[in-house]
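Read the structure below first, then the notes.
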Amino acid sequence: MTNIVELCDVRKSYHQVHALEKLDLTLTEGEVLGLFGHNGAGKTTTIKLILGSITATSGSVRVFGTDPTLAGAREKRKSLGFLQENVSFYEQLSGYEVLRYFARLKGIRPSECQRLLDQVGLSDAVHRRVKTYSKGMRQRLGLAQALLGEPKLLLLDEPTVGLDPLATRDFYSLIQSLKEQGCTVILCSHVLPGVEKYIDRAAILGKGRLLAEGSIAQLREHACLPLTLKVRGKNIQIPAGLNYLPHIQQDEVLLQLLPHEKMSAMQSLMQQEGLSDFDLHLPSLEDLYSHYIEKMTGVGGTACI
């Protein structure tokens with residue numbers, strides 16, 4: 001697979017503030033990366049380095065095989081789309097006029113504008129002034145702007161802010177379609193629930209350092225967080241040595257299991273005549289994020305046996 005983004009031992013400092021420390025990150029063609037972290041963790045600095053709007057203090061940044069800050073990389077920037085967190089447009093223009101303006105800046109034919117506005121759900125508002133748009137509509141217009149020119153690399157900073165649940169679902173369907181076409185996507189978000197099924201890998205930043213990186217399965221294996229098993233039935237006997245959680249539902253038990261306890265516990269429970277059903281809940285992306293942030297600060301943490 002072709003490497004689209006390569007950051008090697010990247011450091012970025014602003015006077016005495018270290019925004020990034022020893023960041024190594026690689027993205028291949030058609031990969032969706034979730035970039036997560038608290039405010040000040042280094043997400044925006046990473047995005048700016050990839051865009052070429054700032055230079056690294058040390059280390060190497062390559063986008064499409066080229067240093068994005070060099071003059072020769074300007075043409076390759078046409079293959080890049082960017083949606084910032086707080087979109088702002090000239091409010092006296094219509095949505096179509098705004099998009100046509102950005103198309104001209106990027107050297108894209110204006111005929112693409114109507115298709116993109118339809119694609120993001122603004123068909124009925126193309127000729128309305130932006131000042132009449134809701135926050136969600138402005139976010140959709142920002143996404144259309146980022147999609148101009150069919151980018152091969154898409155950088156999205158809090159893209160679902162202001163979107164209702166249906167619009168959020170449609171947004172992730174669009175991301176999946178772009179991925180299938182070979183587009184590489186970096187997605188920054190504070191809204192973690194629901195994101196994990198749309199990303200190939202997650203990178204968690206804290207205080208300018210990469211705390212964890214990998215697929216959700218890899219992060220779960222490394223974190224070794226307990227699983228929750230919800231068991232339903234009458235007269236359920238809890239296997240010896242397992243932890244159970246207080247639960248108020250009648251004929252329902254919650255068990256906390258370490259990964260290596262899962263199979264033996266389920267085999268024991270399935271032999272019980274009173275068992276009617278069970279659900280296994282794996283640690284979510286939100287659970288994993290909390291674990292790695294707490295590990296960074298020295299609070300909490302678990303260990304595999």
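From helices alone, the chain scores -8500 deg cm²/dmol at 222 nm; the rule is -39500 (n - 2.57) for each run of n ≥ 4 DSSP H residues, then divide by the residue total. Listed by chain and number, the lysines whose C-alpha is less than 29 Å from the C-alpha of Lys106, apart from same-chain residues fewer than 8 away, are Lys12, Lys43, Lys48, Lys76, Lys78, Lys131, Lys135, Lys152, Lys179. The smallest convex shape that holds all Cα atoms of the range 126-204, its convex hull, gives 103 Å³ per residue. Helix 285-297 and the longest principal axis of the C-alpha atoms of the chain enclose an angle of approximately 90°.
Computed over the Cα atoms of the range 55-192, pair by distinct pair, the Kirkwood hydrodynamic radius stands at 15.7 angstrom. Springs between Cα atoms under 10 Å define the GNM used for the chain, and in it the highest mean-square fluctuation of Lys234, Lys207, Lys78 occurs at Lys234.
For the range 149-248, the percent of C-alpha pairs falling in each 5 Å distance bin, counted from 0 to the bin holding the largest distance, reads 2, 9, 15, 17, 14, 12, 11, 7, 6, 4, 1, 0, 0. Between Glu158 and Cys188, Ser189, the built amide H atoms are under 5 Å apart, and every one of these is 5 or more places off in sequence or on another chain.
Among the listed values [x] 0.96; [y] 1.20; [z] 1.09, the one computed from these coordinates for Cα Rg over 2.2 N^0.38 Å is [y]. Please grab the % of Cα pairs in the range 226-282 that end up more than 12 Å from each other. Everything past 12 Å amounts to 61 percent. For Arg232, Arg74, Arg138, the sequence from fewest to most other C-beta atoms within 10 Å is Arg74, Arg232, Arg138. Hey, in the GNM for the chain with a 10 angstrom Cα cutoff, which one of Leu174, Leu49, Leu245 fluctuates hardest? With Cα springs under 10 Å in the chain, the top fluctuation among Leu174, Leu49, Leu245 is at Leu245.
Among 260-267, 222-229, the peptide with the highest mean count of other Cβ atoms within 10 Å heads the list, and the full ranking is 222-229, 260-267.
Here, each number is a calculation from the coordinates, and none is a lab measurement. Owing to the predicted nature of the structure, the values given are computational and were not obtained by experimental measurement. With ideal geometry, Cβ positions are generated from the backbone for all residues, glycine too; neighbour counts draw on all protein chains shown.
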